[in-house]
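The values are calculated or read from the model by the stated rules, or taken from the named source; none is laboratory data. What you are looking at is a predicted structure, and each value in this text was computed from that prediction instead of being measured. Cβ sites come from the backbone with ideal geometry, for glycine too, and all protein chains shown count toward neighbours. These accessible areas exclude ligands, DNA and RNA; they are computed on the full protein's heavy atoms, side chains included. Shrake-Rupley method; radii C 1.70, N 1.55, O 1.52, S 1.80 Å.
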Amino acid sequence: MKEYLEKYIKENYKILKITCICFIIGLVVGMILYLFVSDGIKNEFTMTLKNTLELSKSSNFENINIIKNGVISNAILLFMIYFCSITLAAPVLISMITFFKSFSIGIYIPIIFNIFGISNGLLVLLLLLIIPNILYIPAFIFSVTNAIKFHYLLFEESETSMIFKCLKEFIFVLISFSMMILSIVVEQLLTTSVIGIYGAL
């Protein structure tokens, strides 16, 4: 496993570097932008998360299924990434998807502190973002890197058949999607603790 990871990073270093830079920039821009938007927009963001927490607390997750919603949204996300990979502008489009994905995470961070305060906010940040994303972010970056690499494989002359290329890529998609689902399951389990913290405020 270690040898495979070292080989993978070495072969895809440039793509990984650009992907990570786009992700970090999106994360930072999301956090900073929240500080400069109007109070009305901040309240809308805050109320959206509060309403979700209230719904989860009152219905005990009967009307909200994180796993189901997560599976659907990430299936759509992977479809968009690989759809972009067959276009001529794939690197740019996929980099934009990476930016906006991390941007949505970044803007979510100050909202958590706005609702829970500093001490509880740090705990919620750990439970809701850091722990699940230990699996999710590598899976996402893995998907993006493979999609960009797949784009270049499609347009290069090679003795390898197109069916074999697509089959190999499908296996990569299954691996990354499985990691994403696992992170979503972890998020679902940890959200129960977050609801408890919210209920105690």
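For region 76-183, which GluC sites (Glu not before Pro) are both in a DSSP coil and crowded by at most 12 other Cβ atoms within 10 Å? Display every interim value, and only then the final one.
Details: sites: Glu156, Glu157, Glu159, Glu169; in loops: Glu156, Glu157, Glu159.
Qualifying residues, ordered by number: Glu156, Glu157, Glu159.
Rounded to the nearest whole Å², what accessible area per residue is found for region 113-163 with the 1.4 Å probe?
Numbers: 2660 Å² over 51 residues.
Each residue of region 113-163 exposes 52 Å² on average to a 1.4 Å probe.
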16 Å Cα-Cα reach of Lys14 towards lysines, excluding residues that sit fewer than 8 places from it in its own chain: Lys149
Extreme residue, positive dipole direction of region 59-201, given options Leu125, Ala90, Ser183 (C-beta unit charges): Leu125
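Probe radius 1.4 Å, ligands and nucleic acids left out: which of Met96, Met1 has the largest accessible area, and how do the rest follow? If you can, show how the numbers build up before the last one.
Details: Met96 90, Met1 165 Å².
Descending accessible area places them as Met1, Met96.
Pop the C-beta distance of Asn114 and Tyr4 into the FRET formula with R0 = 30 Å and round what comes out to the nearest 0.05. The partial results should precede the final answer.
Numbers: r = 42 Å, r/R0 = 1.40.
Step by step, r from the Cβ atoms, then E = 0.10.
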Cα principal axis extents for region 93-149, largest first, Å: 42, 20, 8
Two-decimal Rg to Rh for region 83-201 - Kirkwood Rh, Cα set: 1.13
Sulfur and carbon atoms: percent of accessible area, region 110-201 [1.4 Å]: 72 percent
Candidate values (1) 1.02; (2) 1.19; (3) 1.12, label of the one derived for Rg/Rh (Cα atoms, Kirkwood Rh): (1)
For region 12-33 versus region 90-160, the gap between their alpha-carbon centres in whole angstrom: 9 Å
Within-15-Å neighbourhood charge of Lys10 [Cβ basis; K, R +1; D, E -1]: +2
Leu189, Leu154, Leu77, reordered so the largest accessible area comes first (probe 1.4 Å): Leu189, Leu154, Leu77
Using a Förster distance of 35 Å, the FRET efficiency for Ile131-Leu167 (Cβ separation, nearest 0.05): 0.55
